[in-house]
Amino acid sequence: MQIRKLNINEAPPIDLLLLADPSLPLVKEYLNTGDCYVAENNKEIIGVYVLLSKSPETIELINIAVSESAQGKGIGKQLIMDAIQRSKVKGYQTIEVGTGNSSIGQLALYQKCGFRITSIDRDFFTRHYKEDIFENGIWCRDMIRLSQQLN
Ligand code: COA
């Protein structure tokens, strides 16, 4: 598997990006300003992440997804470690990520990759998403923000 930056004239893997974020307008917005990286296996794109610079010191992992058939094999973890490494090389001091209060697996994964919870943006999802989101039998309302120092 190879992880590489999406080429300038290459279509981003929208279906994969929508697995992580159901809002197409939001996905399109951060694809314009962020950097998109893809995981490729035998020319097939099986994973994606997007990094978005928030300030000269801080970068956000704004989307990460692995195709359903390839999940649970360590690819998500490899993508996160790649995002952390690239952010370090770019000179950022902090990397941030946010996920829903109902995203139990993602919360486990981010903490296994060194992130710690910094804050909770209550009602973020009810404010920004038209449809109610349910996951693991839990109403997704609050954004859990996590971060890690890179230096
Ligand atoms: N519950 C508990 N732990 C979980 C988990 C779950 N549902 N899902 C993953 N993990 C843990 C694994 O146990 C593993 O830990 P280990 O290395 O100690 O065994 C670790 O996270 C890495 O798992 P990995 O196989 O690398 O994850 P993945 O390739 O399936 O990718 C996602 C994880 C979240 C990217 C993938 O499931 C996905 O694309 N989901 C849909 C999109 C999404 O929700 N994106 C994130 C939005 S915040």
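Assorted remarks:
- Note on segment 121-151: residues that are surrounded by 14 or more Cβ atoms within 10 Å (Cβ to Cβ), more than 17 Å from Gly76 (Cα to Cα) and among the aliphatic types (A, V, I, L, M) total 4.
- Looking only at residues of segment 10-20 that are part of a loop (DSSP other than H, G, I, E, B) and free of Cβ contacts under 8 Å to residues at least 12 places away in the same chain, we find that the one that is surrounded by the fewest Cβ atoms within 10 Å (Cβ to Cβ) is Ala11.
- Selection of first residues in segment 78-103 that are farther than 20 Å from Gly47 by Cβ and of second residues that are of a type outside the set (A, V, I, L, M, F, W, C) and near the ligand (Cβ under 10 Å from one of its atoms), restricted to Cβ pairs under 6 Å at least 6 apart or on distinct chains, gives the following pairs, ordered by first then second residue: Ser102/Glu135; Ser102/Asn136.
- Flag if Lys54 is over 22 Å from Ile144 (Cβ atoms) and away from the ligand (no atom under 12 Å from the Cβ): no
- When Glu96, Glu44, Glu68 are checked against the criterion of being away from the ligand (no atom under 14 Å from the Cβ) and acidic (Asp, Glu), Glu44 stands alone in meeting it.
Computed from the coordinates by the stated procedures, all read-outs in this text should not be read as laboratory data. Note that this is a predicted model, so its numbers are computed, not measured. Positions of Cβ are generated from backbone atoms using ideal geometry, with glycine treated the same way; all protein chains shown enter the neighbour counts.
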